[in-house]
Amino acid sequence: MLSNIYLILKREFSMKIRNKMFWMMALLGPFMLAAIMIVPVGLNMKSADHKIIEILDLNRLKKEEVNIHKYFTNTEEVSYVFMNGLPEDIKDIFLNKGTHDALMVTQAYPSTAAAQFYSKSSISQKLLEKTEASMLNYQKDVLLFKKANLTSDAIQDFNSRYAIKNIFVNNNAYQNVFESTASSIGLTAGILIYVFILLFGIQVMRGVMEEKSSRILEVMLISVKPFELMMGKILGIGLTSLLQFGMWVGISSSISYAIKSYFKLEMYSNQNIGNTLKFVNDSSQAMDINRLMTALGQINLPYILVIFLVFFILAYLLYSAMFAAIGAAVDSETDTQQFVLPITIPLLVAFLLAQNIINNPDGTMAFWLSMVPITSPIVMMLRLPFGVPVWQLIVSLSLLLGAFAAITYLSSKIFRIGILMYGKKVTLKELGKWMYY
Amino acid sequence: MVLSLQKVSKNFQQMVALQEVDLEIPSNSIFALLGPNGAGKTTLLRIITAIFAPDSGKILFNGKPISSTNKPIIGYLPEERGLYKKMKVGEQLVYLAQLRGLSFDEANKNLKHWLTKLDIADREFHIVESLSKGLQQKVQFIATIIHNPDIVILDEPFSGFDPINAQLIKNEILEMKKNGKTVIISTHRMESVEELCDEIALLHKGKLILRGNKETIKKSFSKNQYLIKGIGEASVIKDCAIIENYKQNNLTKLLININESQSVNDVLLTLIHQGFQVHFVEEQLPSMHAIFIEKINTYAQ
């Protein structure tokens, strides 16, 4: 029995990798993958909410002298609020009671000490730069106002010495980076499982239909059991899907390695962080890198990858068994719709609820959807980067394994009857009957 | 008896496909399974090949029930032919042979033997799809017998072949019999049955309505008809009906029906006395075609 499954598996595998489609997918896939990862990030950027930044200017100039309001323009993204009072009081209120996102305190001329930028929530790099640039322009004009006959050399000197010190005052900032990193890892893993289930599940279905319509099955069944035929096919195509996945990962990481080494962007190793910090005089950039590193440090990528692969394989097996049964039951592609839709709906539902699950990865809904075998592979991926207790993983995997065994058993019954049934329009009710034959 | 079926029945939902079929198929013979469309022939073949399980009854090979270990002793050519269209001829046949229990080396050895024998050795590396229908049929035939089975089941083996290739296949079938194999043929071509088969079984609406040795069956359907050819005029013969009497190239052909009380010798003596010069005498047994139609019609009434 095993030798037959092995022979069938080997044939499926070698036929698939001989196909041009396989290699096209292998080359195009990484770009799709990149798109999948970039689109949510892009969406996140757009949806970043409105920030309110407090400005405390210790120069305390009159409007007629240098009007600070001119330098900071409010946009959709940000509003600036100008404060008056003692720096200690303002800071105290901002940190302990205030609801605003950041506070910038500038020193009075002639001090060249760095302006202090306190932030409680994550401020985008773009916004940070915009605010810093506004502040620099303002400071320059203050300088010009105080010393009207300033040489251009002195202005140059000012630019190089002036800096803004970026201070994060609580964990929220880290937390936000962590959350967005975790959710994009979860989403990517979920989308990969979804894409591969559909892509290769449908290949299993098509393969069975092709064999059915080419009438090879009767020739095969003389020496092969329907179950062996089904499993050989599922495993063979599953192996190609793993190879395909490996190639995607390999190709996309070589591309990103190439890009990184071309632009010398090797900022994510510890050693390089130190070097970066030495060379970057803009401390905010160094902080950013630091933040990302901290956030990534909380996410155990190899662990996630292992769990991902286990769910990926089981989810593929479960769904492709169903797809194989559909392929056996129908005669033509158009008849497949009524069966494929009910199968894919749970997967779609998992995605529609993705945002809720990410917002509340330990909530009741997230928990149950990550236990039910038809949605668990995707929902568990969404939850995984946020940390899932081991017992939940074990329960979820056991349920998935059990569902796989049950579905394979029922599918093989449908498969056995379907493959020699021609010209009959099959309904769901009919399929139900076949399970009890 | 190499193959025996005992009270084999099979139903599909409300439809009866086979009803208590008893059948003994002797080894070293060519057996014809006949019957009108929808009689249950394909179902019976699928049960023998264990593609379907019977609802009741037993199938024994040399006295043992069929199992996955003795399944490779069967070769089956289904009526609906099928091959992997995108595979090469050679790799496809090796693959199927391996699934039937041959090692890779054995499979390759047999492949070479059969490709050469059926004169398609030059097509080993061609894609199946690119071959003509007749050549695909040859590949299909090789797929059936490449693992050297003891029982070969052929459903309409000659369809799609030109007369030369049909003869090639006929010779292979006869050779298999000579080598001690059992060949089961299901066909509507009665002339092939006449030519090849030793034993027949007639299936109608899931029931076996006739079975046995072909010659014995023919004798039992005999109407005591004789064809006599000769020169001269034949007039009335006593106790004997002349069915046909015509001349062709100076040769008179008589088809006569003799009463049971008489022998053919009596008739010949009468003719010779009348001055008829006898050249040829042969008993006219009914054709399988005629027996088929007669049996089905009487059964229908």
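Please treat every number below as a calculation from the coordinates, not as lab data. On a predicted model such as this, the values are computed, not experimentally measured, just so you know. Here Cβ is always computed from backbone atoms with ideal geometry, including for glycine, and neighbour counts include all displayed protein chains.
Could you give the C-alpha radius of gyration of the protein assembly as shown expressed as a fraction of 2.2 N^0.38 Å, taking N as the number of residues it contains? Please report the intermediate quantities before stating the final value.
Working: Rg = 42.6 Å, N = 738, 2.2 N^0.38 = 27.1 Å.
Here the answer is 1.58, to two decimals.
Starting from 0 in steps of 5 Å, tell me what percent of the Cα-Cα pairs of segment B:25-91 lands in each bin.
Reading upward from the zero bin: 3, 12, 20, 23, 19, 12, 8, 3, 0.
Tell me the trypsin sites (Lys or Arg not before Pro) within segment A:88-128 that lie in a loop according to DSSP and have at most 15 other beta-carbon atoms within 10 Å.
Working: sites: A:Lys91, A:Lys97, A:Lys120, A:Lys126; in loops: A:Lys97, A:Lys120.
Qualifying residues, ordered by number: A:Lys97.
With no solvent and one equal point scatterer per Cα, compute the Debye intensity ratio I(q)/I(0) for segment B:3-219 at 0.11, 0.15 Å⁻¹ and report its log10, rounded to two decimals.
Log10 of I(q)/I(0), two decimals: -0.54, -0.99.
Multiply the residue gap between A:Ala406 and A:Asn356 by 0.36 nm, knock off their C-alpha separation, and tell me the result in nm, one decimal place.
Details: separation 50, 0.36 × 50 = 18.00 nm, distance 3.04 nm.
Value of the extension gain: 15.0 nm.
By counting other Cβ atoms within 10 Å of each Cβ, how are A:Phe308, A:Phe351 ranked from fewest to most?
Least crowded to most crowded, the residues run A:Phe351, A:Phe308.
Length gain on complete extension for the stretch A:Leu242 to A:Leu198, per 0.36 nm per residue less the alpha carbon to alpha carbon distance?
Going from the current span to full extension adds 14.4 nm.
What's the center-to-center distance, using Cα atoms, between segment B:139-175 and segment B:105-138 in Å?
13
What share of the DSSP beta bridges in the protein assembly as shown is antiparallel, in percent to the nearest 5? Don't jump to the answer; show the numbers that get you there.
Details: 46 of 79 bridges.
Percentage antiparallel, nearest 5: 60.
Calculate, for A:Phe82 and A:Ser213, the FRET efficiency according to 1/(1 + (r/R0)^6) with r their C-beta to C-beta distance and R0 51 Å; round to the nearest 0.05.
Working: r = 76 Å, r/R0 = 1.48.
Given R0 = 51 Å and the Cβ-Cβ separation, E is 0.10.
Along the charge dipole of chain B, which of B:Val94, B:Asn265, B:Phe61 sits closest to the positive end, that is, farthest toward it, with unit charges on the beta carbon of Lys, Arg, Asp and Glu (+1, +1, -1, -1)?
B:Val94
Could I get the Rg over Rh figure for segment B:56-132? Both from C-alpha atoms, Rh via Kirkwood, rounded to two places.
Over the Cα atoms of segment B:56-132, Rg/Rh equals 1.06.
Let me know the charge dipole size of segment A:290-416 about its Cα centre in debye, to the nearest 20, where only the beta-carbon of Lys, Arg (+1) and Asp, Glu (-1) is charged.
Dipole of segment A:290-416, to the nearest 20 debye: 300 debye.
Rounded to the nearest 20 Debye, what is the dipole magnitude of the protein assembly as shown about its Cα centre when Lys and Arg each give +1 and Asp and Glu each give -1 at the C-beta? Numbers along the way, then the final one.
Values: 72 positive and 63 negative charges, 67 e Å.
The dipole of the protein assembly as shown has a size of about 320 debye.
When the Debye formula is applied to the Cα atoms of segment B:168-301, each taken as the same point scatterer, what base-10 log of I(q)/I(0) results at q = 0.08, 0.12, 0.13 Å⁻¹?
Evaluating at q = 0.08, 0.12, 0.13 Å⁻¹ gives log10 I(q)/I(0) of -0.32, -0.65, -0.73.
Report the rotationally averaged projected area of segment A:49-162 based on its alpha-carbon convex hull, in square nanometres.
Numbers: hull surface 29.2 nm².
Convex hull of Cα atoms, orientation-averaged projection: 7.3 nm².
State the volume of the convex hull built on the alpha-carbon positions of segment A:293-437, expressed per residue in Å³ and rounded to an integer. Present the calculation step by step, with values, prior to reporting the outcome.
Numbers: hull volume 17.5 nm³, N = 145.
Per residue, the Cα convex hull of segment A:293-437 comes to 121 Å³.
Please determine, in degrees from 0 to 90 and to the nearest 10, the orientation of helix B:89-99 with respect to the longest principal axis defined by the Cα atoms of chain B, where the helix direction is its Cα long axis.
With both axes taken from Cα atoms, the answer is about 80 degrees.
Given a cut-off of under 8 Å on Cα pairs at least six residues apart, what relative contact order in percent is computed for segment B:3-219?
Across segment B:3-219, relative contact order equals 31 percent.
Compute the angle between helix B:288-300 and the longest alpha-carbon principal axis of chain B, please, reported from 0 to 90 degrees and rounded to the nearest 10.
90
Order these by the 10 Å Cβ neighbour count, fewest first: A:Arg60, B:Arg123, A:Arg206.
On the way: A:Arg60 10, B:Arg123 20, A:Arg206 15.
The most exposed by this proxy come first: A:Arg60, A:Arg206, B:Arg123.
Kirkwood hydrodynamic radius for segment B:223-284: how many Å is it when counted over pairs of different Cα atoms? Don't skip to the answer; put the middle values down first.
On the way: mean 1/r = 0.0877 Å⁻¹.
Answer for segment B:223-284: a Kirkwood hydrodynamic radius of 11.4 Å.
Using only Cα atoms, tell me the angle between helix B:163-178 and the longest principal axis of chain B; keep it within 0 to 90° and round to the nearest 10.
The helix B:163-178 is inclined about 80 degrees to chain B.
Can you pull the semi-axes for segment A:188-257, root of five times each eigenvalue of the Cα gyration tensor, sorted largest first, whole Å?
32, 12, 10
Net charge within 14 Å of B:Val8 by Cβ-Cβ distance, Lys/Arg positive one each and Asp/Glu negative one each, not counting B:Val8 itself? Don't jump to the answer; show the numbers that get you there.
Working: positive: B:Lys7, B:Lys10, B:Lys41, B:Arg46, B:Lys58, B:Lys207, B:Arg211; negative: B:Glu20, B:Asp22, B:Glu24, B:Asp55.
Counting the neighbours of B:Val8, the net charge comes to +3.
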